[in-house]
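Read through the structure below, which is laid out as structure tokens, and then see the notes.
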């Protein structure tokens, strides 16, 4: 006969092995619940009692029954029952969520000189190049670098609006 020490510190029982297995299956008793071992008379976590380990394994197997297995990395995800439309790509498994256009435009407007919108969209290389153009090459070339930077900055505005800016 087993005795259980509840979360409130109270001792419950005695309960036989069949009752304890039923409590495990119902989720009333978990792996860390203290059980007074009938052999040694000392409290131990329920998972350390060999007779109860099989009941925990059965509960674990019963609780993990995926209805649809998750897609493998790189596999395309289409909504159930729908075919993928030509030219339309659904997001890949594990891909980052789409970035906000408003946030991108605000970064472009206020911190675009530093390439902050490029960093936001994950294009670190483009952001670093814009920053170098604005701070180093522009002054070194007496403003020619700023002309290149300004053209790139204006093009980025339209890329953000059309959601075609490079995302990584």
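Just a few scattered comments:
- Subset of the range 115-136 (residues that are over 20 Å from residue 162 (Cα atoms) and buried (at least 16 other Cβ atoms within 10 Å of the Cβ)): 129, 130, 131, 133, 134
- Number of residues in the range 20-39 that are assigned to a helix (DSSP H, G or I) and either farther than 15 Å from residue 56 by Cβ or in contact with a strand residue (DSSP E or B) (Cβ under 8 Å, 6 or more places away or on another chain) (or both) equals 2.
- Unique residue being modelled with pLDDT of 90 or more, surrounded by fewer than 17 Cβ atoms within 10 Å (Cβ to Cβ), touching a helix residue (DSSP H, G or I) at 6+ places or on another chain (Cβ under 9 Å) and more than 21 Å from residue 145 (Cα to Cα) when the list is 105, 109: 105
- Residue within the range 146-161 that is in a loop (DSSP other than H, G, I, E, B) and on the phi < 0 side of the Ramachandran plot present: no
- Looking across the range 115-130, the residues that are in contact (Cβ under 8 Å) with a residue 12 or more places away in the chain, closer than 14 Å to residue 156 by Cα and over 24 Å from the mean Cα position of the chain (by Cα) come down to 115, 126, 127, 129, 130.
The values are calculated or read from the model by the stated rules, or taken from the named source; none is laboratory data. This structure is a prediction, so every number in the text was calculated from the model and none was measured. Heads up, the Cβs are rebuilt from the backbone with ideal geometry, glycines too, and the neighbour counts pull from every protein chain shown.
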